[in-house]
Amino acid sequence: MNAVGSATFGNREEEVQIGAIKRSRLGIFPTPLEELKMLSSSLGGPRIFIKRDDLDGLGLGGNKLRKLEYAMAEALSQRATTVITTGAVQSNHCRLVVAAANKLGLKTHLVLVGEEPRIATGNLLLDKILGAAEIHYVVKPDAYGNIKEGSDPVDEKVQEIKERLISQGEKPYYIPNGCRPLHGGLGYANCVREIVDQLYYYDLAPSSIITACGSASTQGGLLLGSRLYCQGMTQVIGISISHSKDQLIARIEEALDDACSFLGLEYKTTQEVIVYDNYLGDGYGLPTQAMKEAVKLVGQKEGIILDPVYTGKAMAGLIDLVRKGQFRKEEAIVFIHTGGIPGLFAEEQAIHFQR
């Protein structure tokens, strides 16, 4: 199952990894793993480590890059000339899609959920600097930018762009918001393998891994990695930044079952899927006091910057769980820094940190 080899598409070599799935090398991996000694000491809790996926080397980094290594390899295998993707106006995913496509010589068309702002800031500014071929804005009730089957304005816009590009002789490849669950699963299973190797240096094994949970494919991949490399003994905890825990758990379990079937694993969903949705606040991208305190605490104790939409709320959850005595002092807890720093500089987020 863990076949490793290579194949060539055009001028780029594609590496073959888990399940002989082609992977296009885009990031710098493994990413660093740091111990947060000052934070752990201030909380009086377990040993806390942070997995720096914000430092994976392309387009200001972030967790979507691990997933895009598989998505982009698939695009190349289909001889795509351009990619289409969607997300919120301040989407970290869209920023990294443009950066990854640039590296592979592909064009990018973005469909962003929300109104076009007067001044581009944060991720949208980077989309423009990176040179997305087109940026379309669609207003719909769900600001998170999820696409569902049926009469959805975002889905309709994507289809319209696809048909136009095909008529112009292009070959578009569509990447859903957050990437396909299988690509997320493969990317973050690899992340667990890195964590296990890096903690071996400390004579430790990860007892729990904490991550923000939005599209859910990161947590699904971490659970897959726990099975493959930790015999399912590493607990994976998701902190919701977008939906109710019931919605996310159902999505993760379905993705895990699909990944196991695809990889030919004999077992289905057996490990408990844990998601907390009580740190979400009023909704996706809306700040909470606990998030602001977590961002400031980690910055002032460790000199590490978190973002307000994902890692800030996830860290708020971790801090609260530590204070409630959820973890033993001798445990090794790994927090996934999923990136998203440009979002801190979006006008609607920066205002909350002014005082």
Task: Sole residue being at pLDDT below 95, surrounded by 14 or more Cβ atoms within 10 Å (Cβ to Cβ) and more than 17 Å from the chain's Cα centre (by Cα), chosen from Glu253, Glu302, Glu266, Glu330 - done: Glu253
Open item on the list: When you scan region 50-73, do you find a residue that is touching a Phe, Trp or Tyr at 6+ places or on another chain (Cβ under 9 Å), under 18 Å from Gly187 (Cβ atoms), of a type in the set (Asp, Glu) and surrounded by fewer than 24 Cβ atoms within 10 Å (Cβ to Cβ), even just one?
Closed with: no
Task: Filtered residues of region 321-334 (kept if out of contact with any Leu (no Cβ under 6 Å at 6 or more places or on another chain) and either in contact (Cβ under 8 Å) with a residue 40 or more places away in the chain or farther than 18 Å from Gln235 by Cβ (or both)) - done: Leu321, Arg323, Phe327, Arg328, Lys329, Glu330, Glu331, Ile333, Val334
Open item on the list: Would you confirm whether or not region 172-184 contains a residue that is over 30 Å from Ala346 (Cα atoms) and at pLDDT below 95?
Closed with: yes
Open item on the list: So, in region 16-54, how many residues would count as being touching a strand residue (DSSP E or B) at 6+ places or on another chain (Cβ under 9 Å), touching a residue at least 60 places away in the same chain (Cβ under 8 Å) and part of a helix (DSSP H, G or I)?
Closed with: 3
Task: From Thr31, Thr82, residue being under 28 Å from Ser208 (Cβ atoms) and of a type in the set (Val, Ile, Thr) - done: Thr31
Open item on the list: Conditions first: (1) out of contact with any Leu (no Cβ under 9 Å at 6 or more places or on another chain); (2) surrounded by 22 or more Cβ atoms within 10 Å (Cβ to Cβ). Ala189 passes all but one, so which condition is the exception?
Closed with: (1)
Task: Within region 194-225, considering residues that are hydroxyl-bearing (Ser, Thr, Tyr) and over 18 Å from Ile48 (Cα atoms), the one nearest to the chain's Cα centre (by Cα) - done: Thr218
Task: Restricting region 305-319 to residues that are part of a helix (DSSP H, G or I) and not small (Gly, Ala, Ser), the residue that is surrounded by the fewest Cβ atoms within 10 Å (Cβ to Cβ) - done: Ile319
Open item on the list: Can you go through Glu331, Glu347 and tell me which one is touching a Ser or Thr at 6+ places or on another chain (Cβ under 7 Å), among the charged types (D, E, K, R) and closer than 25 Å to Thr31 by Cα?
Closed with: Glu331
Open item on the list: With the structure loaded, tell me whether Ser240 is assigned by TED's automatic domain parsing to the domain that holds His337, within 18 Å of the chain's Cα centre (by Cα) and farther than 26 Å from Gly87 by Cβ or whether it fails that test.
Closed with: no
Open item on the list: For region 104-140, give me the residue count where each residue is farther than 14 Å from Thr86 by Cα, basic (Lys, Arg) and part of a loop (DSSP other than H, G, I, E, B).
Closed with: 1
TODO: Give the number of residues within region 222-250 that are touching a residue at least 60 places away in the same chain (Cβ under 8 Å) and assigned to a helix (DSSP H, G or I).
DONE: 2
Open item on the list: Among the residues of region 112-127, what is the count of those that are exposed (fewer than 12 other Cβ atoms within 10 Å of the Cβ) and over 25 Å from Asp152 (Cβ atoms)?
Closed with: 2
Open item on the list: Exactly one condition in (1) surrounded by fewer than 24 Cβ atoms within 10 Å (Cβ to Cβ); (2) not assigned by TED's automatic domain parsing to the domain that holds Ser215 is false for Arg95; which is it?
Closed with: (1)
TODO: Give me a count of the residues in region 158-188 that are touching a residue at least 60 places away in the same chain (Cβ under 8 Å) and among the charged types (D, E, K, R).
DONE: 4
Open item on the list: So, in region 201-217, exactly how many residues are at pLDDT 95 or above and in contact with a helix residue (DSSP H, G or I) (Cβ under 8 Å, 6 or more places away or on another chain)?
Closed with: 7
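The values are calculated or read from the model by the stated rules, or taken from the named source; none is laboratory data. Being a predicted model, the structure only gives us computed values, none of them experimental. Cβ: placed from backbone, ideal geometry, glycine included. Neighbour counts: every protein chain shown.
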